[in-house]
Amino acid sequence: MSFDLNDLRRAIATHGRVVRVVIAAIKGSSPREVGAAMLIWGNAETPGQSGTIGGGALEYEAAEDARLQQGQTLVIRRALGPDLGQCCGGAVTMVSEVYDAARLATIEGDVIVRPVSADAAPQMPLRVKRMLADARAQGQRPTPELIEGWLVEPVLRPETSVWIWGAGHVGRALVDVLSPLPDLEITWVDTGPERFPDDIPDQVTVLPAAEPTVLVKHVPKNAHHLVLTYSHALDLALCNALLCHGFSFAGLIGSDTKWARFRSRLAQMGHTAQSVARITCPIGDPKLGKHPQMIAIGVATQILQTVQGKKTNRPEPIRQGHREDRRA
């Protein structure tokens with residue numbers, strides 16, 4: 001997990017003062033991993049929240065305390081069994097920080113490093129410096145970690161580009177399922193603005209295009225594509241364009257019969273059988289059914305399995321330095 005700066009920025013713009021609670025360390029089993037965070041705003045009469053740190057009682061208590069929190073940063077430790085009566089059997093350390101527009105403006109860089117505990121050294125500890133240097137030398141982003149009272153968190157930078165071609169029922173269901181996931185940068189394409197719903201998630205980029213195929217040349221070659229337009233002719237043109245351009249994953253909605261016809265047509269266009277076989281069709285899990293949300297769940301699983309498989313085989317690149325974010 002990473003520090004979702006855009007989510008925090010949106011919450012502050014809408015609600016003003018926001019408290020961010022993040023799991024900074026765990027011992028034993030825990031409902032969520034280190035780096036999982038939630039944003040809290042409002043009061044007992046008008047409470048608000050986004051994100052989750054899991055755990056039921058743990059999250060409820062942390063949210064209630066956050067609404068009473070003043071300007072100080074708090075480091076909170078809870079043994080899930082003795083303190084909260086939960087069965088996880090582990091212990092969780094949380095960092096709870098108050099953010100507003102002024103503090104948000106001080107955050108810079110791709111890694112946020114700051115002292116969070118009252119007994120933290122005023123200067124960055126040597127262990128933290130070594131951790132950052134090692135990550136940079138290996139071309140990786142550091143993992144979230146609490147070290148000697150200093151919290152290290154990489155800023156969320158979605159690394160997986162997902163292009164959804166088509167804003168019909170399945171396209172809308174896919175956006176609903178995929179858009180909350182933190183590591184996806186979603187671009188949604190269809191032939192006209194009227195084809196999209198009124199409410200678009202903030203993290204989704206909408207691109208109306210009378211000729212969607214002309215956009216393919218501008219797409220990263222490592223992108224993931226889901227082709228599910230209203231037109232078989234457009235689907236075929238997009239498959240042809242993607243095969244000419246390159247991709248990490250391309251999935252086409254359709255039956256076995258549709259795919260057999262597409263394979264034949266794509267061969268006539270000059271694509272080899274081996275190249276055409278890189279396109280996945282049908283997409284999703286037929287056993288789940290044909291309801292748009294059922295298709296979306298199956299396709300989302302397919303995409304995530306592909307993405308996670310690739311992540312285990314290559315390091316995540318680090319971008320540019322870090323900047324200390326001091327407590328207010």
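Restricting the count to DSSP beta bridges whose residues both fall in the chain, what percent are antiparallel, rounded to a multiple of 5?
Percentage antiparallel, nearest 5: 55.
Based on DSSP H assignment, which helices of the chain show an axial Cα extent of at least 27 Å together with a mean Kyte-Doolittle hydropathy greater than or equal to 0.0?
Going by DSSP H runs, the hits are 292-311.
Looking at segment 1-81 from every direction and averaging, what is the projected area of its Cα convex hull in nm²?
Hull-based average projected area comes out at 5.4 nm².
Among 187, 213, 106, whose mean-square fluctuation peaks in a Gaussian network model of the chain (Cα, cutoff 10 Å)?
Of the options given, 106 has the highest mean-square fluctuation.
Student exercise: in the chain, how many lysine pairs 8 or more apart or on different chains have Cα atoms under 28 Å apart?
13
222 nm [θ] for the chain, helices only, -39500 (n - 2.57) per DSSP H run of 4+, per residue, to 500?
Values: 10 runs with 105 residues, N = 328.
The helix-only estimate for the chain comes to -9500 deg cm²/dmol at 222 nm.
Find out how many positive minus negative residues lie around residue 282, taking Lys and Arg as positive, Asp and Glu as negative, among other residues whose Cβ is under 12 Å from that of residue 282.
After counting each charged neighbour, the total is +1.
³J(HN,Hα) across segment 276-290 via Karplus (A = 6.51, B = -1.76, C = 1.60, θ = phi - 60°), whole Hz, x for Gly/Pro?
For segment 276-290, the Karplus-derived couplings read 4, 5, 5, 7, 8, 7, x, 9, x, 10, x, 5, 6, x, 10 Hz, x marking Gly and Pro.
For segment 153-254, rounded, prolate or oblate, judged on the Cα gyration tensor with a ≥ b ≥ c (square roots of eigenvalues), a/c < 1.5 rounded, else prolate if a/b > b/c?
Note, shape of segment 153-254 comes out oblate.
Given H placed on each backbone N at 1.01 Å, which residues far from residue 251 in sequence or on other chains put an amide H within less than 5 Å of it?
Excluding prolines and chain starts, which carry no amide H, the hits are 225, 226, 227, 280.
By the scheme Lys and Arg +1, Asp and Glu -1, what is the net charge of all other residues having a beta-carbon under 13 Å from that of residue 233?
+1
Please identify the trypsin sites (Lys or Arg not before Pro) of segment 175-260 that satisfy two criteria: DSSP loop assignment and at most 13 other Cβ atoms within 10 Å. Which are they?
221
Using a Gaussian network model of the chain whose springs link C-alpha atoms within less than 10 Å, name the residue from 238, 288, 39 with the highest mean-square fluctuation.
Comparing 238, 288, 39 in the GNM, the peak value goes to 288.
Quote the Stokes-Einstein diffusion coefficient, in whole µm² s⁻¹, for the chain, based on the Kirkwood radius over alpha carbon pairs, a temperature of 10 °C and a viscosity of 1.306 mPa s.
Answer from the Stokes-Einstein relation: 72 µm²/s.
With contacts defined as alpha carbon pairs under 8 Å and 6 or more residues apart, what's the relative contact order of segment 145-218 in percent?
27 percent
Kindly report the accessible area of the chain per residue (heavy atoms of protein chains, probe 1.4 Å, no ligands, DNA or RNA), in Å².
Numbers: 16170 Å² over 328 residues.
Here the per-residue accessible area is 49 Å².
Starting from the alpha-carbon convex hull of segment 93-170, give the projected area averaged over all orientations, in nm².
8.7 nm²
Using Cα centres only, tell me the gap between segment 283-302 and segment 188-250 in whole Å.
When both Cα centres are located, 19 Å separates them.
On the protein heavy atoms, probe 1.4 angstrom, tell me the percent of accessible surface of the chain carried by carbon and sulfur.
52 percent
The values are calculated or read from the model by the stated rules, or taken from the named source; none is laboratory data. Predicted model, so just to flag it, every value in this text is computed and none were measured. Every residue, glycine as well, gets a Cβ built from its backbone with ideal geometry; the counts of neighbours run over all protein chains shown. To get the accessible areas, we keep the full protein, side chains included, count just its heavy atoms, and leave off ligands, DNA and RNA. Shrake-Rupley method; radii C 1.70, N 1.55, O 1.52, S 1.80 Å.
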